[in-house]
Structures are given as structure tokens and as C-alpha cells.
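Each remark here refers to the structure printed beneath this line.
Each value in this text was obtained by applying a stated rule to the coordinates, not by laboratory testing. Because the structure is predicted, anything quoted here is derived from the model rather than measured. Please note: Cβ atoms are built from the backbone with ideal geometry, for glycine as well, and neighbour counts cover all protein chains shown.
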Amino acid sequence: MLLEFSVNNFRSIKDTITLSMNTASNKESTHSFQVRNYHLLNNIVIYGANASGKSNVLRAIGFMRNLVLNRPKITQSTDHLPHDFFRLNTETEQASSYFEMVFFLENVKYRYGFEADSTTMLNGCIAMSMVKKRVYLSAITNRNFIMLINKNSKKALA
């Protein structure tokens, strides 16, 4: 279950934007449901003026999904990632794009994010939080390996 999605420097999105499924109030209604302490919306609508970036939010989610699920294939077939940065500013040409998702899976809250430029996935990070026991994991990624570190015990997991 998606809680939040954040992105920056992707297509028409320069600064960080966050799509949140969290309700404005912590009251239950017919338009929301509860997961742990969070009241999440059943559905959302993205609206705005023409060419304001609505479709690019959905493209960013698709890009993140594609990169996570197909990263080995993409990096083996080419030396370039399909990085589509914000083109209306010269400062962002060489900058990386940032993608992050916060979601629930079997009542456990996860936060997964990474930065990517045209050649590399940088600064990947995953954190996991359970109801009464918190476990924080960090993932260090580069083109060749992923290592998970349990921050509570400072031990590598994989």
C-alpha cells in the first residue's frame, strides 16, 4: 500500500514534489482506511493546468519501477540509464534525479529511495519499521553490488 512517492529533477519536475496518500485529518471516513496509525485515502486525483507535470508524476513512478525491476538488464545492455532530467535549467543537467517511495507491505512500513543519473544508481537506501520494534536498514548501491546494513547492530546482512 503506497503512503508517499517523492521525486525531483525528472522531466518537468525540478524541485522535490511528494504525492501523499495520507489524509489531512486522522479521522476515519468512507474515503479512507487505516493501516497502523495512518489514515490513507482510497484513491486520489491529480489535477492541474495543461503541461503542469501531472503525467510526469506517473512517468516518474513508472521509471522508478522499471529501474528497480530491470536494473540488471538495463546496466548489462547499455552504459547509460534512461535518465530524463529537468531540461529547463543548466544546473540540473549534470545533477542526479531522486526517487523515493514509502509503502506498507504486510503491516510493515518501508522507505525505499535512490538517486540516479545517466550512468549510475547512487545512494540507494531502504528502511523498514515495524509496529513495536524498529529495524532500520541501509542499502549501499553502485553498479556492481547492493549491501544491506542493519543500523541497530551495524552488521552487514547481504
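Once the stretch 36-59 is narrowed to residues that are part of a loop (DSSP other than H, G, I, E, B) and among the β-branched types (V, I, T), the residue that is nearest to M21 (Cα to Cα) is I44. Here the condition is being of a type outside the set (F, W, Y) and in a loop (DSSP other than H, G, I, E, B); of T18, T30, it holds for T30 alone. In the stretch 9-43, of all residues being over 30 Å from A95 (Cα atoms) and basic (K, R), the one that is farthest from the chain's Cα centre (by Cα) corresponds to K27.
Remark: L88 falls outside the filter, which requires a residue to be exposed (fewer than 13 other Cβ atoms within 10 Å of the Cβ), within 19 Å of the chain's Cα centre (by Cα) and of a type outside the set (D, E, K, R).
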